[in-house]
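*Asks:* Have a look at this one before I ask anything.
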Amino acid sequence: MKPLSSLRLCGDFFLIALLLFSGCSSEQGPLPPPSYPVKLTTVQQKEVPIFIEALGHVESMISIHIKSRVEGELTGVYFQQGQEVKQGDLLFTIDSKPYEAALKKSQGVLEQTLANLSIAEEKVKRYETLAREEYYSQIDFETLQANFASALAQANQAQAQVDAAAIDLDYCWIYAPIDGVVGILQVDFGNLVGNDENQPLVTLNQISPIFVTFSVPEINLPDIQKYRRQGSLKTLAAYDNFNDEPFVGKLEILDNQVDPGTGMIKLRALFPNTTRDLWPGQFIRTRLVLHTQSNALVIPYTAVQLTINGPVAFVVKEDMTVEERPLQLGARQDDQVIVQSGLNAGETIVLEGQLNLSTGTRVFVARNR
């Protein structure tokens, strides 16, 4: 009988031989390279507007503080606060009785001075021939002439007082000087007005058309001047998202100097605002469109990877492997960017999932969850 240790040794040799035989008979090949899930997009070719974006605010073309030019009691308010009014509409009336009395008084003075002027003129005419023929003293005749000149001056002064009184009386009726929207009433009916030069009765703002004012860095000034010489520059405005239908206007005014303190230059665009959606004092996003680039290659900015050698994108080949391409980028527009070189129209590129990729890496399209 064999010892137990000998039997165990023989069993170990048998197991090793069996494993070697199994390994030799296996036909397993090398493991396939890993494949990574990605999302894809296509390089598009289209017309792209090149613009400068800035924050602006809405301003009335004309903003008028309506004030009383005469002092008196406010006897009438002929509009609703916030109402749109037309040029020539009656807005306020001020107690006119004191000014009617002042006009009558000045008219009476004028009539009196005109009567004195008539008498003085008649005397000059009557004694002119006698003085020429020396039947009347020359010095007395010159006195008559002086009296006539004095009466004429008094008459002119009285006429001026009548005109001033008539103007003051007209100021008792205040009319809208422009089409616009009246604001909140600052002085209530029945109050004394005209005694505070700094207190307007109400503010009247022109709403249509309307200005949007914004500032851009002075580095953009040469391009603005260049493209403005080629024609008017379209300006877009939006509350938040330009993907919705924006307001469309045009650049109207370029300020005559750059602010040396900020290095910014102020611009002002004109918008028709026929729907009255833009409101004075509002802050709004603006885009000054310089020109439109035709046949531009555009990709989402998230498809671009920034490396130490510059921006790159991963192009997907027919065998679902990727190729890393260096890019030369142009202007960025929202979530897209213009590609000046490195890609061709219609090529498929990786949009998401670039972390583990390099040239030759295999990918597959990830399913949306």
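What follows is calculated from the coordinates using simple rules that are stated; it is not laboratory data. Note that the coordinates shown come from a computational prediction; the quantities given were computed from them, not determined experimentally. So basically every Cβ, Gly included, is an ideal-geometry build from the backbone, and we count neighbours across all protein chains shown.
*Asks:* R0 = 30 Å: FRET efficiency of Gln138 with Val109, Cβ-based, nearest 0.05?
*Replies:* Calculated transfer efficiency: 0.35.
*Asks:* Subtract the Cα-Cα distance of Glu84 and Thr129 from 0.36 nm times their separation in residues, and report this length gain in nm to one decimal.
*Replies:* Full-extension gain reported as 9.3 nm.
*Asks:* How big is the gap, in Å, between the Cα center of segment 64-106 and the Cα center of segment 198-242?
*Replies:* Going from one Cα centre to the other spans 35 Å.
*Asks:* Let me ask something additional. Helix 4-25: angle to the longest alpha-carbon principal axis of the chain, degrees 0 to 90, nearest 10?
*Replies:* Between the helix axis and the principal axis of the chain, the angle is about 60 degrees.
*Asks:* Over the chain, calculate the relative contact order: mean separation of alpha carbon pairs under 8 Å at least 6 apart, over the residue count, as a percent.
*Replies:* Value for the chain: 27 percent.
*Asks:* Another question about this same structure. Can you give me the Kirkwood hydrodynamic radius for segment 96-171, using every pair of distinct Cα atoms, in Å to one decimal?
*Replies:* Kirkwood hydrodynamic radius for segment 96-171: 13.8 Å.
*Asks:* For the residue pair Gln340 and Gln328, what label-to-label distance in nm results when each label sits 7 Å from Cα along the Cα-to-beta-carbon direction?
*Replies:* That separation, rounded to one decimal, is 0.6 nm.
*Asks:* For segment 116-145 and segment 257-324, compute the distance between their C-alpha centroids and round to whole Å.
*Replies:* 89
*Asks:* Go ahead and estimate [θ] at 222 nm for the chain from helices alone: -39,500 (n - 2.57) per DSSP H run with n ≥ 4, summed, over the residue count, rounded to 500.
*Replies:* Mean residue ellipticity at 222 nm (helix-derived): -9500 deg cm²/dmol.
*Asks:* While we're on this one: First obtain the Kirkwood hydrodynamic radius of the chain from its Cα pairs, then insert it into the Stokes-Einstein equation at 37 °C and 0.692 mPa s, and state the resulting D in µm² per second as a whole number.
*Replies:* 108
*Asks:* Where in segment 78-166 are there GluC sites (Glu not before Pro) that are in a DSSP coil and have at most 12 other Cβ atoms within 10 angstrom of their Cβ?
*Replies:* Answer in residue order: Glu133, Glu134.
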